[in-house]
Amino acid sequence: MKTEDLISSLAADTAPSPAIAVETRLPGLLVLGLMVTALSFALVLGPRPDLATALANPMVLAKTLLPLLLAALALPLVLRDARPGARYGLPGTLIWAVPLAVLGLVVLAFLTVDPAERLRLFIGHSIPVCLPAITLLSLPMLAGLLVSLRRGAPVNPSRCGALAGLVAAGFATAIYSTFCIEDSPLFYGIWYSAGIGIATGLGALAGRHLLKW
């Protein structure tokens, strides 16, 4: 085949690139996973009875909004990580504002709460529910993300999987927070972060094996 014929053949190939394939499939599979998560949450846990009143407190609202923001900022990073050579851009910088905000809330709570109450608020009474719930609620969305990302070409599969876990964990944590009555940042700032870390680690482990190319 002549060089000119090869170039013409490649130019005529209209198959979508891996990145386009991922961007086409990912939203639907993520929404499907989100629906499974929301249904599981509704059947097993459900929102707290005083949710509307509780959300009027900025400290309580933060435990829902910050995980949502984390997921929203991590989502474009997943898409960019599925493309070889793509840059993270502004979301890659802004996402660090979330852990810094959480740290600020934890420090603020530590300084303003009665010292005798700090340990009680930190331990709470729902750690055995919190960590497994965030992890399990993340799994349907993580599965959907990983299926879609298999159409991509991430340079670092573990990192791409970790970012997928971060997206799933952010949404799952926001959903779980509407059930949780532990309203002190001394609790949710630490233990929600631990749950997100577990789901992110699972994503990294799964990505290492499933996203290789």
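Every number here is computed from the coordinates shown, using simple stated rules; none is lab data. All values derive from a computational prediction rather than experimental measurement. Every residue, glycine as well, gets a Cβ built from its backbone with ideal geometry; the counts of neighbours run over all protein chains shown.
Determine, for GLU23, GLU117, the number of other Cβ atoms within 10 Å of each Cβ, and report the residues in order from fewest to most. Mind showing how you got there, number by number?
Values: GLU23 17, GLU117 12.
Arranged by neighbour count, lowest to highest, GLU23, GLU117 become GLU117, GLU23.
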In deg cm²/dmol, rounded to the nearest 500, the helical mean residue ellipticity at 222 nm of the chain, built from -39500 (n - 2.57) for every DSSP H run of length 4 or more, is -26000 deg cm²/dmol
The rounded separation in angstrom of the Cα centers of the stretch 110-160 and the stretch 80-101 is 18 Å
The correct pair for the stretch 93-208, radius of gyration to one decimal and Dmax as a whole number, both in Å and from Cα atoms, is 15.7, 53
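Using square roots of five times the C-alpha gyration tensor eigenvalues, list the equivalent-ellipsoid semi-axes of the chain in whole Å, biggest first. Kindly include the intermediate steps, with their values, before the conclusion.
Working: eigenvalues 309, 60, 37 Å².
With the √(5λ) rule applied to the chain, the semi-axes are 39, 17, 14 Å.
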Taking a crude spin-label model, label points 7 Å out from Cα along the C-beta direction, the ALA72 to THR53 distance in nm is 2.8 nm
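Quick one: dipole size for the stretch 29-210, taken about the Cα centre, charges +1 on Lys/Arg Cβ and -1 on Asp/Glu Cβ, in debye to the nearest 20.
Details: 11 positive and 6 negative charges, 155 e Å.
Here the size comes out at about 740 debye.
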Ordered by fewest other Cβ atoms within 10 Å, a rough proxy for footprinting exposure, MET141, MET59 read MET59, MET141
Phi-derived 3J(HN,Hα) across the stretch 197-213 with the Karplus relation (6.51, -1.76, 1.60, θ = phi - 60°), rounded Hz, x for Gly and Pro, is x, 5, 5, 5, x, 5, x, 5, 5, 5, x, 4, 9, 9, 9, 5, 9
Residues other than GLY161 with Cβ under 13 Å of its Cβ, Lys/Arg counted +1 and Asp/Glu -1, net out at +3
In whole Hz, the Karplus estimates of ³J(HN,Hα) for the stretch 33-50 (6.51, -1.76, 1.60; θ = phi - 60°; x where Gly or Pro) are x, 4, 5, 5, 4, 5, 5, 4, 4, 5, 6, 9, 10, x, x, 5, x, 9
Between the Cα axis of helix 97-112 and the main Cα principal axis of the chain, the angle (0 to 90°, nearest 10) is 10 degrees
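Could you list LYS212, LYS63 in order of exposure, starting from the residue whose Cβ has the fewest other Cβ atoms within 10 Å? Kindly include the intermediate steps, with their values, before the conclusion.
Numbers: LYS212 10, LYS63 27.
The fewest-first ordering by Cβ neighbours comes to LYS212, LYS63.
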Total charge of the residues flanking LEU108 in space, meaning their Cβ is under 15 Å from its Cβ, with Lys and Arg +1 and Asp and Glu -1, is -1
